[in-house]
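No lab work stands behind these numbers, since they all come straight from the coordinates. These numbers come from a predicted model, not from an experiment. When we count neighbours, we look across all protein chains shown, and the Cβ atoms used for this are built from the backbone with ideal geometry, even at glycine.
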Amino acid sequence: MAWQQTRTELAGIKQRLPELREQQRQIEDELLQHAGPEALRRAIEQQLERTKRHERHMEQASQIEHQEQREALAERTRSDDPRELVKVYRDAEKLTREAERQAAAAAQVRSLEALKQTREAMAEARQVIEQSRKRHKDNPELAELDEAIRAKDAQAKTWQLDPSKRPGLDEVEGFKGEADELRERVQGKAQELNDKAKQALDQQIDERLRGRPAPGEDGPRRSGPRFSGPR
């Protein structure tokens, strides 16, 4: 019986929630009006500044739209009517929430794109490693780079598949920058090893050519005069 009574009371409260929220809003609006025009303008400016910060991370089309709405609200703050300024404050709150939502959505898109590019960079680096290891087997530097590549790719994959583990956009973009640097290191090391191998091969060829007889000679070159036979 107590449980049923509690359910009934909760159902009644739930039905009254819109009315209670409206009452709370009216009380807050009255308190805001008593704050005075100057205090309201400062509060509105703070809200619009928050909106402006979020706009930097939004898609361009939405960014332009929000800028226009923010400028319109800034114009409305010239009113000296506290009731009008309260309305402007409420509209600024709403605009800030919407800007925050759109900025977060845009940040998620950019994060996913950055992670995709990170994994593409690591796949490219891994391909360079595999080609280099065919020519330079058991090279410890290549093995170390390969391990770093796999670690980066595994972390990017985890963030890509699990949004709850994904950090903020700045950290993801920083992670992508580290991956790009790792790819450049791999490409540089592969080029260095190839150059060394080419130099060693050229040196071997040069040493062989030094001991090879000249055209028309039967044996190795010798210093001093040559005689073709008795005069």
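Just round it to a whole percent: the fraction of Cα-Cα distances in the chain exceeding 28 Å. Counting every Cα pair in the chain, those more than 28 Å apart make up 66 percent. Short-range pairs are left out: with C-alpha atoms under 8 Å and at least six residues apart, the relative contact order of the chain is 16 percent. Among 15-22, 74-81, sorting by the average number of other beta carbon atoms lying within 10 angstrom of each residue, highest first, gives 74-81, 15-22. In units of the compact-protein estimate 2.2 N^0.38 Å, region 51-146 shows a Cα radius of gyration of 1.99.
Mind checking Rg over Rh on region 9-65, alpha carbons, Kirkwood formula for Rh? So for region 9-65, dividing Rg by the Kirkwood Rh gives 1.22. A protection proxy built from the mean count of other Cβ atoms within 10 Å ranks the segments 132-138, 5-11, most packed first, as 132-138, 5-11. Using 7 Å Cα-to-Cβ label points, what is the residue 91/residue 120 separation (nm, one decimal)? That separation, rounded to one decimal, is 4.3 nm.
Note on residue 157: lysines with a C-alpha under 22 Å away, same-chain residues under 8 apart excluded, are 116, 165, 176.
In the chain, the DSSP-assigned H stretches of four residues or longer account for a calculated mean residue ellipticity at 222 nm of -29500 deg cm²/dmol, using -39500 (n - 2.57) per stretch and the full residue count as denominator. Taking the longest Cα principal axis of the chain as reference, the axis of helix 37-55 is set at about 30 degrees. The mean sequence distance of close C-alpha pairs (under 8 Å, at least 6 residues apart), as a share of the length of region 79-181, puts its relative contact order at 37 percent. Subtracting the Cα-Cα distance of residue 5 and residue 170 from 0.36 nm times their residue separation leaves 54.2 nm of extension gain.
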